[in-house]
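Working notes, beginning with the structure itself.
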Amino acid sequence: MVVRDKDLLADIFRRTRSTVTMNIPTVDEEAWHKLEPGPPPAPALAGGSGAEGRRGLRGVLMAPIVPGITSHPAKLERTIKAIVDHGATYVGGLVMHLEGGTRDHFLGFLQREFPNLVERYGHLYAGKCPSRSYTQRVRVILGTLRARYG
């Protein structure tokens, strides 16, 4: 929608103090295509609105952060750097949670696409959320990267 309506958004940003917050879970295109096969890749979303449209891009939510797939510190850093380079002034992040049918669907996907991660997920996701220690480690990494990139 942001890409499609970039001209309309640019006009709104010129006239008001409106902002756009978008979700960009990763700029790793291989992971993006496996996890989100339908939408355009993250770099197209982040840069598609042009300089005028980006004036209103203030926030990005990195969600879900998928353990073992998009959670590596180097991938998180590349994503945050790309987000900041495109004008966002804040970045949030949420580690993926799994429950119900989504859990079943994702674990089937994991078995097909990333079988080496299945055992790890069995330990990490005893409940719908990953362990507190894992979530805290990701928060520390995100905090460090946010401080590094302002």
field: Charge tally in the Cβ shell below 12 Å around Val138, where Lys, Arg are +1 and Asp, Glu are -1, Val138 excluded
entry: +4
message: List the residues, sorted by chain then number, that are 5 or more residues from His97 or on another chain and whose placed amide H is less than 5 Å from its amide H.
response: none
query: Within straight cross-link reach of Lys75, meaning Cα distance under 21 Å, which lysines are found once same-chain residues fewer than 8 apart are removed?
result: Lys34
message: Using a Cα-Cα cut-off of under 23 Å, which lysines could be cross-linked to Lys6, ignoring same-chain neighbours fewer than 8 residues away?
response: Lys81
- line: Which of (i) 30, 17, 13; (ii) 24, 22, 13; (iii) 20, 19, 15 is the computed semi-axes √(5λ) of the Cα gyration tensor in Å? It is (i)
message: Please compute the modelled spin-label separation between Ala147 and Asn23, points set 7 Å along Cα→Cβ, answer in nm with one decimal.
response: 2.9
- prompt: Taking 0.36 nm per residue of separation and subtracting the Cα-Cα distance, what length does fully extending Phe109 through Leu94 add?
  reply: 3.4 nm
message: Between His72 and Asn116, what's the calculated FRET efficiency when r is the beta-carbon distance and R0 is 22 Å? Round to 0.05.
response: 0.95
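Rule-based calculations on the coordinates, nothing more; no lab input. Here the structure is a predicted model, which is why all the values come from computation and not from measurement. Note that we place each Cβ from the backbone using ideal geometry, even for glycine, and neighbour counts take in every protein chain shown.
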